[in-house]
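Enquirer: Got a structure for you, questions after.
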């Protein structure tokens, strides 16, 4: 039995992806960047490029993901590829926004808490999208 994908389902998926990106980007900007902490994966590379060359992570996120999106074109379905492109764009948009909003979470005095909080933000963002998709049957 195949599941019919409705416009409401697609809109809900896009909202959840955007919300997850907003949460993740908020943790990245307000905790990782402000406390000079690194991450893993492409996010870590973006932060390293920011620290060494002062490149804006909002732009380097898109640039570094382009080769992966091109590779994904061969292996992902159209819907998954579209969601990946949308998620990458939303991540860049929210990184750009949160870098310009004057929110200061100063945790320089406690590097342990500053190291743990971004993990919680990332886990919350991932759980939001995964649980929502699973509960509503949108997992692909």
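Read-outs throughout are calculated quantities, based only on the coordinates presented, and are distinct from any laboratory measurement. The structure presented is a predicted model; accordingly, all values stated were derived computationally and were not measured. Methodologically, a virtual Cβ is constructed for each residue, glycine included, from the backbone with ideal geometry; neighbour enumeration extends over all protein chains shown.
Enquirer: Restricting to the range 42-89, give me the number of residues that are closer than 18 Å to residue 23 by Cα and touching a residue at least 60 places away in the same chain (Cβ under 8 Å).
Expert: Count: 3.
Enquirer: Can you name the condition, by its number, that residue 12 falls short on among (1) surrounded by 13 or more Cβ atoms within 10 Å (Cβ to Cβ); (2) without any contact (Cβ under 8 Å) to a residue 60 or more places away in the chain?
Expert: (2)
Enquirer: As an exercise: evaluate residue 68 against (1) more than 30 Å from residue 8 (Cβ to Cβ); (2) out of contact with any helix residue (DSSP H, G or I) (no Cβ under 7 Å at 6 or more places or on another chain) and give the number of the one condition it does not meet.
Expert: All conditions pass for residue 68, except number (1).
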